[in-house]
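Data block below; observations after.
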Amino acid sequence: METRRLEAFVKVVDLGSVTSAAKVLNVAQPALSQQIASLEAEFKRQLLVRSTRGVMPTEAGRTLYRYAKSIQRQIDEARRSVLDSEQELSGNVTIGLAPLSSATLFGPPLLTQLRRRHPGIILHIFDSFGVTLSELMLKGSMDIAILYGDRSVRGLDYKPLVMEEFYLVAPRDIFSSELWAQDIRPEELAKIDLMLPSRESFLRQAIERVCAEVGERLRIVAEIQSRSTLSSAMMAGVGATVLPKTVAQALPNFEQLGLRRIDSHAASLQMSLCISDYARLSDAAFAVYNILLETIALFKDDMMSHSMDPEAFLAE
């Protein structure tokens, strides 16, 4: 099998169109269609479903897509290693970190250690909204992810890491010192103007469940994804937010903010380390995986010792 056929197949699936893929690959559309037909003949399965709105992979096509992406990554790894042989380890590695989670704190120390130990590895970090990390993992577009969830899905393996608890974060002047020392009940939380990420966020969904369990609805005054914007908006008096404790402590103006733990079992989510069941990690990705495990172990040790200092952790 020629790898260019797999490359063509991946591009068609990514773009959802044979015509668009042909333009990107700079080949004639009939030639590209023939390459796809050759793959279907070789595997004796229909790989794509064609319609007026484009193409979608069949179940067999999705399986081939995952393996094809893995093969592409290994070929890229081999090409980079051969062309840049003076580096002990080199290549591109993509990881996802659940937005507004403690996982986002792993990025700086991970990059620092990686540059120190394997400077030939280029790390691509996704920690923004609008990207479903599990979907990218299933497509083979991502090597490793730290995300919310504890139930492995077909094709992905989840390794539970820590249970992330959520806290109300707000300017100190909105509560008395006595109230800051107490957990906040869902009924009280529902009366506060909140700035939260969009509904696609696991954090947002968890907090909505907290209020729904007591028959209340959240008072959302803004949907904000950025930590810096959340921080500035709180100081401007727009409202409060909900974050993991470690993320709140890393905000630039944390000394002017207060935390109240949310008194509900629903106000917590399991954070897990996710890798593919189908694709073997490249040597570069395996090196990143090991450094990431070291970073997570340090993070957990700091949490258990109750001496978590986000600035000190980021400086490791």
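Some values worked out for this structure:
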| quantity | calculated |
| --- | --- |
| Eligible lysines near residue 245 by straight Cα distance, threshold 24 Å, same-chain separation 8 or greater | 159, 191, 300 |
| Distance from segment 158-207 to segment 245-281 (C-alpha centre basis), Å | 11 Å |
| Calculated FRET efficiency for the pair residue 41/residue 172, C-beta based, R₀ 51 Å, to 0.05 | 0.15 |
| For the chain, accessible area per residue (1.4 Å probe, heavy atoms of protein chains only), Å² | 51 Å² |
| Reach of residue 11 by Cα under 24 Å, taken over lysines that are not fewer than 8 positions away in the same chain | 23, 44, 69, 139 |
| Among beta bridges that DSSP assigns inside the chain, antiparallel share in %, nearest 5 | 65 percent |
| Expected-Rg normalisation [2.2 N^0.38 Å, Cα atoms] applied to the chain | 1.17 |
| Structure-based [θ]222 nm, the chain - -39500 (n - 2.57) summed over DSSP H runs of at least 4, per residue, nearest 500 | -13000 deg cm²/dmol |
| Theoretical FRET efficiency, 1/(1+(r/R0)^6), r = Cβ-Cβ of residue 75 and residue 219, R0 35 Å, to 0.05 | 0.10 |
| Farthest toward positive dipole pole in segment 178-273 [+1 Lys/Arg, -1 Asp/Glu at C-beta], among 206, 271, 236 | 271 |
| Charge context of residue 269, other residues only, Cβ under 14 angstrom, K/R +1, D/E -1 | 0 |
| Long-range HN-HN contacts of residue 162 with modeled amide H, under 5 Å | 271 |
| Peptides ranked, highest mean first, by Cβ atoms within 10 Å: ranges 293-299, 89-95 | 89-95, 293-299 |
| Computed over the chain: relative contact order in percent, which uses C-alpha pairs under 8 Å that are six or more apart | 22 percent |
| Cα-centred dipole magnitude for segment 1-141, charges only on beta-carbon of K, R (+1) and D, E (-1), debye, nearest 20 | 240 debye |
| Two-site label geometry, residue 20 and residue 290: point separation in nm, points 7 Å out along Cα→Cβ | 4.0 nm |
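The values are calculated or read from the model by the stated rules, or taken from the named source; none is laboratory data. Please read these numbers as outputs of a predicted model, since none were measured by experiment. Ideal geometry is used to build each Cβ from the backbone, glycine not excepted, and the neighbour counts take in all protein chains shown. The area values use the complete protein model at the heavy-atom level, side chains included, leaving out ligands, DNA and RNA. Shrake-Rupley method; radii C 1.70, N 1.55, O 1.52, S 1.80 Å.
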